[in-house]
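Here is the structure we will look at.
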Amino acid sequence: SLDDSVATIDHWLQESGMHCEFIRHKKNLGICESLNEALAVANGKYISMVASDDVWLPDKIEWQVEIMESQPNDVGVLYSDALQIDENGHVLPSTFIETYWNQTAMPQGRVLNALLQGNFIPGLTALIRRSCYDEVGVYDENLPWEDWDMWMRIARHYSFLYSPIPSAKYRHHEKSLSHSDPVRMLKDSLR
């Protein structure tokens, strides 16, 4: 990162008193390798991820854990919609799912067939049972992004649950991979 993120995070950790392990890298390892490293040290019952340019809504984890605790163990992933924001944080008119998934009802339960049609899950909104990774393994480090492949692997063993309440804000900006290199995105999707 070129925006002094490390110093900002160090300062926040000192000020907040938050106990956590802050993993630093001298170079960008890519999302999949970084997530695998984080999974290796994570010890919680649930896993949730957010990119540095996106935002969780304040009570996301609290209400998602409450929902998951009421579900049977075969529900591996809870996901929701996300608000969309521009580079400056202003909310855009349509949600993530309205923009990227043209269906009237969101898939729930056994969703593998729906995932074969496309990735409809905003990764930043998902809460994943740790046991899913124990069953299907870690992220494929040969891929440039983490989510679609992992959702399909989890969907072979677990059910998914959808909550209509948005839990995060997805930031649109022109420098993102999906906007800056659509040809690469297509090639990597086919892989």
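Here are a few things to note about the model shown:
- Residue in the stretch 92-101 that is part of a loop (DSSP other than H, G, I, E, B), modelled with pLDDT under 95, closer than 19 Å to residue 167 by Cβ and among the β-branched types (Val, Ile, Thr) present: yes
- In the stretch 88-109, the residues that are in contact (Cβ under 8 Å) with a residue 40 or more places away in the chain and surrounded by 14 or more Cβ atoms within 10 Å (Cβ to Cβ) reach residues that are part of a loop (DSSP other than H, G, I, E, B) and of a type outside the set (D, E, K, R) with C-beta atoms within less than 6 angstrom, at least six apart or across chains, in these pairs: 96/122.
- Residue count, the stretch 139-165 (criterion: open to solvent by 50 Å² or more (accessible area, probe 1.4 Å) and modelled with pLDDT under 95): 6
- The stretch 111-153 - residue that is among the charged types (D, E, K, R) and closer than 18 Å to residue 33 by Cα and, of those, farthest from the chain's Cα centre (by Cα): 134
- When residue 15 is tested against the conditions (1) in contact (Cβ under 8 Å) with a residue 12 or more places away in the chain; (2) of a type outside the set (Ser, Thr, Tyr); (3) at negative phi, the lone failure is (1).
- The helices (runs of 4 or more DSSP H) located wholly in the stretch 1-81 that include 3 or more residues which are closer than 23 Å to residue 119 by Cα and either of a type in the set (A, V, I, L, M, F, W, C) or open to solvent by less than 40 Å² (accessible area, probe 1.4 Å) (or both) occupy 31-41, 60-69.
The values are calculated or read from the model by the stated rules, or taken from the named source; none is laboratory data. These numbers were taken from a predicted model, which means no experiment stands behind them. Neighbour counts are summed over all protein chains in view; Cβ atoms, including those assigned to glycine, are modelled from backbone coordinates with ideal geometry. Protein only, heavy atoms only, side chains kept; ligands, DNA and RNA dropped before computing areas. Shrake-Rupley method; radii C 1.70, N 1.55, O 1.52, S 1.80 Å.
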